[in-house]
Every structure is written in C-alpha cells, then in structure tokens.
Amino acid sequence: MQNNAIVYRPTLAGRIAKVLLPVMNKVLPNGLYASIYNVLYSGYKSYLARKYILRRFFVNAFGSDDERLKAKLVVKLLPYSMGGHKALENAFDVTLLAERDGIVGDIVECGVAQGGTAAMMLETSRLVGSGSRHKWFFDSYEGLPEPTLEDYENGKTGDFIRPLPKGSCLGTIEQVGELMFGVLSSSKDEVSLVKGWFQDTLPSMSSVIKSIAILRLDGDWYESTKIPLEHLYPLVSPGGIVVIDDYATCFGSRRATDEYRNLHSINTPLNEDGRGGIWFRKP
Ligand SMILES: C[S@@+](CC[C@H](N)C(=O)[O-])C[C@H]1O[C@@H](n2cnc3c(N)ncnc32)[C@H](O)[C@@H]1O
C-alpha cells in the first residue's frame, strides 16, 4: 500500500465538529467555550458507548468467540480510551495475532494517557495467551509535550478536531495505576509504569527490556515517535508488531515512521486500523 493512500476519514460527527468548534471558539468567551466543549465531548462519548453496547448484543448473538471477547473488553475499557472503539479493537487484534503466532517478547506502549489501549493489550494477552509477558507502559503522565518544527505542515500539526496544546491527553500515573493494579489486579512484577519524557527514560530502559512482541506508539508527535523507534525497534522480535496510532492524523508521526522505515529498508506492508492508525510487522 502507498503510504499517502492512508488517510484519516473523520466520522460525520467529527466533520461537523471540525467546522463548528473553531467558530464557537472564536465567538464565545474561553470559559464558556471550554464548558460547552466538555459537555458535548462527554455526551458524544457516552452516546458512542451506548451504541457499542448495542453492537455487542449482535456480536454476542452472531459473532465468533474472539469477536465476543473483543466486544466485551471494548465495553469494559472504553471509559479509559482516547482513541475510541477502533483503537481498542486494533489493540485486541494485534495482541491476538502476536499470541497466536507465538511472537517472543514483552508488550510495550509509549503514550498511555488514561490506559485504554495498554489495558486492552494486557487483558487480551492474559485471556488468550499465557499472560507471562511483561508490560512496559511509558508516558510523561503529564500529558503531551510541545510539538517541534518537524510536526508542522502548512502551519498545522495534524488533522484534528481541535488543537493539542502542551499538557493535553493527560492521564496521571495515579489514574493508570488504579486501572492496572486496582481494576485489573495486575502485580508490579507484571506491569511497569515508567514515568518521564521518552527522551529521558528510553535510553536507559532499552537495556533492561530483552525483547518486544508488540510495540505500540501513541505519542502523537515527531520526536515522540522517532525516539521510541530508535531505542525500541531493534528489540522487536522477528514477526513482532509495531503500531503507529497517529500515522494519518499527526503529520510528524507519519514523517518519523516513514523516515525510520526508509532508513532501515523496512518494506513490510502498512495495515490500516480504520481510523488513521497503522501497524506493520518486523521482517
Ligand atoms: C493520545 S495520548 C495516548 C492515548 C492512549 N494510548 C489511549 O489508549 O487512550 C498521547 C500520550 O502520549 C504521551 N506522550 C507524548 N509524547 C511524549 C513524550 N515525549 N514523552 C512521554 N510521554 C509522551 C502523552 O503524555 C499522552 O499521554
């Protein structure tokens, strides 16, 4: 597949929001705009969650065992996800693939926020595999850093409904700890939450991790994709899976991925997740 054939196609609600929100932001006072945005966003999220429950009903009646498990986990983990059901479904699918193919290594996510896709990989690995893989979840746990020059194209950093300033997409280490060690009853021998900027944590942690079966990159920006690729891709096992969540939505993430794949002559196909993310396998 041609890289430029992979594009982000927003839903109808997303397209309407892309037109309406900038207008509202211009005409309304900041505080009022933020309150209206928060009400609309949480209303939309709970509408999507209800719609997915309906879908689960049909999957339960007509789907395979794997589809039933996937739908059950999506309903459970949607409240913790910023990427919605398609990101969660893709996290399920790639974990199932890695488990069924017996790919050696740990599960790593760089860009965890409130833990949705991280938890999906953890739960899936436990339920369809031996559960013995270690999970490494890297994040500042302080939200996004500023984008850098490499993130911009024509003055924009990506195809978003609204801008992503420093500190957005926040999930704290306490929130993710409560999900991993409380709700999902993981032990600290199984899950490591590594707090800090990738630039600071990955150079030393990459000598602690032995091998990686799934490397999920969800840090939005150029540096936040490039740095994990440089430090962690060499640890991915043959046949291991690399997910780039923001490939078609964030210009810098696509640029860092294309540069890295070209530099290392990685020609395995890019598979789409249906919402602008991609995944590929290490040859
Ligand atoms: C879009 S969110 C991740 C969404 C998450 N995977 C989910 O399931 O909802 C992006 C995350 O990447 C983190 N991040 C981005 N760049 C980073 C960097 N350079 N160092 C550490 N964390 C970073 C942010 O803190 C934020 O939590």
ask   = In the range 235-258, is there at least one residue being free of Cβ contacts under 8 Å to residues at least 24 places away in the same chain, surrounded by fewer than 20 Cβ atoms within 10 Å (Cβ to Cβ) and over 13 Å from Cys110 (Cα atoms)?
value = no
inquiry  = When the residues of the range 44-85 are narrowed to those that are under 23 Å from Ile173 (Cα atoms), not aliphatic (A, V, I, L, M) and not in a helix (DSSP H, G or I), which ends up modelled with the lowest pLDDT?
reply    = Gly83
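Applying the selection to the range 4-30, what residues are among the polar types (S, T, N, Q), surrounded by fewer than 13 Cβ atoms within 10 Å (Cβ to Cβ) and part of a helix (DSSP H, G or I)? It would help to see each step written out before you state the result.
So in the range 4-30, the residues among the polar types (S, T, N, Q) come out as 4, 11, 25, 30.
From what is left, the residues that are surrounded by fewer than 13 Cβ atoms within 10 Å (Cβ to Cβ) are 4, 11, 30.
Result: Asn4, Asn30.
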task = Taking Val104 as meeting all but one of (1) part of a loop (DSSP other than H, G, I, E, B); (2) within 15 Å of Arg216 (Cα to Cα); (3) hydrophobic (A, V, I, L, M, F, W, C), write down the number of the exception.
result = (2)
query = Of the residues Ala113, Ala213, Ala118, which is within 12 Å of the ligand (Cβ to nearest atom), under 22 Å from Pro234 (Cα atoms), at pLDDT 95 or above and not hydroxyl-bearing (Ser, Thr, Tyr)?
reply = Ala118
key: Criterion: in contact (Cβ under 8 Å) with a residue 60 or more places away in the chain, of a type outside the set (Lys, Arg) and out of contact with any His (no Cβ under 9 Å at 6 or more places or on another chain) - qualifying residue of Phe160, Phe198   = Phe160
Odd one out for Thr201 among (1) at pLDDT 95 or above; (2) within 15 Å of the ligand (Cβ to nearest atom); (3) in a loop (DSSP other than H, G, I, E, B) = (3)
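The values are calculated or read from the model by the stated rules, or taken from the named source; none is laboratory data. A quick note: this is a predicted structure, and the numbers were derived from the prediction, not measured. Note that we place each Cβ from the backbone using ideal geometry, even for glycine, and neighbour counts take in every protein chain shown.
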